[in-house]
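Data block below; observations after.
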Amino acid sequence: MILFCYICDIGKNDKRIIRMVYDIEMIRNFYASYRAKVENARKKLDRPMTLAEKILYAHLYDEKAMAAFRRGEDYVNFRPDRVAMQDATAQMALLQFMNAGKEKVAVPSTVHCDHLIQAYKGVKEDLPAACDANREVYDFLKSVASKYGIGFWKPGAGIIHQVVLENYAFPGGMMVGTDSHTPNAGGLGMIAVGVGGADAVDVMAGMEWELKMPKLIGVKLVGSLSGWAAPKDVILKLAGLLTVKGATNAVIEYFGEGTESLSCTGKATICNMGAEVGATTSVFPYDEEMGRYLSATGREEIASLAGSCAEDLRADDEVLADPASYYDRIIEINLSELEPYINGPFTPDAACPISEFAGKVKASGYPQRMEVGLIGSCTNSSYQDLSRAASLARQVKEKKLKMASPLIVNPGSEQVYCTASRDGMIADFEAVGGIIMTNACGPCIGQWKRVTDDNARPNSIVTSFNRNFAKRADGNPNTHAFVASPELATALAIAGDLCFNPLTDTLVNEAGETVRLDAPVGETLPAKGFTVDDNGYVAPASDRSRVEVTISPLSQRLQKLEPFAPWDGNDFLEMPLLVKTKGKCTTDHISMAGPWLRFRGHLENISDNMLMGAVNAFNGKTNAVWNSLNGNYEAVSAVAKQYKAEGIASIVVAEENYGEGSSREHAAMEPRFLNVRVILAKSFARIHETNLKKQGMLALTFADKDDYDKVREHDKISVLGLRDFAPGKPLSIVLLHEDGTTETFRAAHTYNRQQIEWFKAGSALNTK
């Protein structure tokens, strides 16, 4: 594999760092005080504690402010141990941090270049192409990181969450990351929360980080996996039980003897996809598997430190004996009885066990031919994942079969790639025509240049990714993307048929023989240990004063931020309705990824994609809304720009779980930039609601969801009561219809006093 970006002069003379234990003094200090902090919290609460509670209370910003915080109600200030940012979101986060007036980050922080690399022909062509196309952005990120004391991981080094698990995550710690799948680190017993860039800036600036004290969903695991069942199937089943918003403002805490049978990376897979059910984060208790993984990745000292605090890195015995008294909801999953699942299409919570899937495909009329299998991504790219998938690839030759569909592989990190290559797994994939992509997100986040005869043709693919929203993988709204384990995705690629069940069905080989695939096998950790030539890490400059950060005023990729204007003290009167969205409106709908990723550092340019994927409730079309200035139907951003030019504020109306999906801060910043002042929805996804608040937006919900139906296309909409804006006090919405009649109803909100100050100041950053 061509490593990293030496071709674009990034890290040209950097020294290789292998088996370095990062931030070890911070971690030693953490464990030295952790048990005492937990005991203090236990005395304050006067009751046994769950694991999540122990970690949360041990990270209070001000220990003197400790109280029995009400779950789902009280906002609490925390002090996370570290921050992680991927390159697409890091641009805006660091642009904001540069305005914070700080000389250095207050906590260990890293930037990971994994999102901007397009998957096309394979790593040998794709990585150099990405380094060339994104040179300006990579240079900017590297220089900002170097100047402010931030670790930088070069393009090709790996996917942020895999790299964090291998190098930074530690049991009992707390981190925030500018990516919704940050909870991956829960596989190592860490409270890891996906946030917007403004939240990350707070933490990097040494300020308190605010979070509503989450509710607790306890998931008891019993038994152990076997055969075709994989850790991915745990969360796929759970997604079906909880739905995409069933864990909003909650931590999913796993417990029970079944947790000990899962590998550390398997636990991480489960925690990672908890984002798809709206969870604040997910976490597993510390056990021997975590200790084995820490030791295997060169962190024996951390394993020892965690072992000394093991009893407080799990729920108290009283909690485990009577979980219903301590968790807000209990779900039990028997791993021994768990079937492989396939979820989709178009939503990750459409769960279906493999035994019923063929019937679902036929009954629903989904395209039965499975055209591409894609494995890897941040949730399923570990050594274990590749090992089990490779065992199936080997069977193609052994059983005289042929791949019926292409197989695309995205390793999780350079360490995983190098180790898998040494152990023959990469050769196994290549022997069956598998295409090895860069150690990066690629197709998972829309960075897939798919070669197809028709980019609107109905077709089916199976991936080991997390998200399967329409258009997400390849831009085709008719690509039916199904989510499964890497093993099942590989098996279906061998068969090329969605209705194939490898547990029961057979295939006909080239000799005309009927054969059956054996269940996948693999190793959780490499027997010979991990290996890597260059992990891709670049340390900050020793003399940061010499580092210059420059942004060309002519750049089309980067743009300095100007503060948003403060609230003028008046109600919002007779705003035109920009768009009333119908159905699912994720952050992909609000601010698309794919080719738009190149503008993540340029707010003005990326705002051209605002809400272009949202379905207009009045005409069923995307990116076609009524312009009250001229009576024409035009693109959403075009209409918003015209309103802004005339000094007119506008409003967006939406349905349930608005802003589901990525932590993408741009989905909040773009409407703010284009003078959309209010989002009125039936409900919000957690991260997006926070992002809106941070950017000085007004995020309101219908007190009566049926009031959504009252909003008409040509309405002028007012929000009244802002002069008395206060926590828990509803605001009034007035609809002025085109016929001169009016309707009034209440709108609820979740703003606390601090968040109201953000609104008044124009954004949270304006209050710093």
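Of note:
- Among the residues of region 274-315, those identified as within 16 Å of residue 261 (Cα to Cα) and of a type in the set (D, E, K, R) are 287, 288, 289, 292, 314.
- Residue within region 268-289 that is assigned by TED's automatic domain parsing to the domain that holds residue 58, part of a helix (DSSP H, G or I) and surrounded by fewer than 18 Cβ atoms within 10 Å (Cβ to Cβ) present: yes
- Flag for residue 620 being at pLDDT 95 or above, assigned to a loop (DSSP other than H, G, I, E, B) and buried (at least 18 other Cβ atoms within 10 Å of the Cβ): no
- Residue within region 20-38 that is within 30 Å of the chain's Cα centre (by Cα), part of a loop (DSSP other than H, G, I, E, B), surrounded by fewer than 19 Cβ atoms within 10 Å (Cβ to Cβ) and modelled with pLDDT under 95 present: yes
Each row is one residue, and each column tells you yes or no for (1) crowded, with 22+ Cβ neighbours inside 10 Å; (2) under 21 Å from residue 561 (Cβ atoms); (3) of a type in the set (Lys, Arg).
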site: 116; (1), (2), (3): yes, yes, no
site: 120; (1), (2), (3): no, no, no
site: 168; (1), (2), (3): yes, no, no
site: 183; (1), (2), (3): yes, no, no
site: 210; (1), (2), (3): no, no, no
site: 229; (1), (2), (3): yes, no, no
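- Region 655-680 residues that are without any contact (Cβ under 8 Å) to a residue 40 or more places away in the chain, paired with ones that are part of a loop (DSSP other than H, G, I, E, B) (beta carbon under 9 Å, 6 or more apart): 675/647; 675/648; 675/649; 679/659; 679/697
- Being modelled with pLDDT of 95 or more and not in a strand (DSSP E or B) holds for only one residue in 672, 677, 664, and it is 672.
- Neighbours by Cβ (under 8 Å, 6+ apart or cross-chain): first from region 282-294, within 22 Å of residue 21 (Cα to Cα); second buried (at least 24 other Cβ atoms within 10 Å of the Cβ) and among the charged types (D, E, K, R): 289/267; 290/267
- Across region 82-104, the number of residues qualifying as part of a loop (DSSP other than H, G, I, E, B) and buried (at least 24 other Cβ atoms within 10 Å of the Cβ) comes to 0.
- Summed over region 723-761, residues that are under 35 Å from the mean Cα position of the chain (by Cα), in a loop (DSSP other than H, G, I, E, B) and of a type outside the set (Gly, Ala, Ser) total 8.
- Summed over region 23-47, residues that are among the aliphatic types (A, V, I, L, M), in contact (Cβ under 8 Å) with a residue 40 or more places away in the chain and touching a helix residue (DSSP H, G or I) at 6+ places or on another chain (Cβ under 8 Å) total 3.
- Where a residue in region 521-544 is of a type in the set (Ser, Thr, Tyr) and its partner, wherever it lies, is at pLDDT 95 or above and part of a loop (DSSP other than H, G, I, E, B), with Cβ under 8 Å and at least six apart: 524/263; 537/154; 537/157
- Inspection of region 207-219 finds a residue satisfying the criterion of being in contact with a Gly (Cβ under 6 Å, 6 or more places away or on another chain) and under 27 Å from residue 317 (Cα atoms).
- Residues in region 578-595 that are assigned to a loop (DSSP other than H, G, I, E, B) and more than 19 Å from residue 713 (Cβ to Cβ): 584, 591, 592, 593.
- Filter pass, residue 265 being of a type in the set (S, T, N, Q), buried (at least 20 other Cβ atoms within 10 Å of the Cβ), in contact (Cβ under 8 Å) with a residue 24 or more places away in the chain and outside any loop (DSSP other than H, G, I, E, B): yes
- Assessment of region 48-57 against the conditions (in contact (Cβ under 8 Å) with a residue 60 or more places away in the chain, in contact with a Phe, Trp or Tyr (Cβ under 8 Å, 6 or more places away or on another chain), surrounded by 17 or more Cβ atoms within 10 Å (Cβ to Cβ) and of a type in the set (Asp, Glu)) yields no matching residue.
- Residues of region 452-488 satisfying the condition of being charged (D, E, K, R) and either in contact with a helix residue (DSSP H, G or I) (Cβ under 6 Å, 6 or more places away or on another chain) or outside the structural domain of residue 381 (by TED's automatic domain parsing) (or both): 472, 487
- Answer from 491, 527 - the residue that is closer than 30 Å to residue 415 by Cβ and surrounded by 13 or more Cβ atoms within 10 Å (Cβ to Cβ): 491
- One residue stands out among those in region 592-607 that are crowded, with 18+ Cβ neighbours inside 10 Å and closer than 15 Å to residue 671 by Cα: the one that is nearest to the chain's Cα centre (by Cα), which is 592.
- Counting only residues that are farther than 14 Å from residue 306 by Cα, not basic (Lys, Arg) and not in a loop (DSSP other than H, G, I, E, B), region 39-67 holds 11 of them.
- Every residue from region 284-326 that is among the polar types (S, T, N, Q) and either touching an Asp or Glu at 6+ places or on another chain (Cβ under 9 Å) or closer than 24 Å to residue 222 by Cα (or both): 297, 325
The values are calculated or read from the model by the stated rules, or taken from the named source; none is laboratory data. Predicted model, so just to flag it, every value in this text is computed and none were measured. Neighbour counts run over all protein chains shown; Cβ positions are idealised from the backbone, glycine included.
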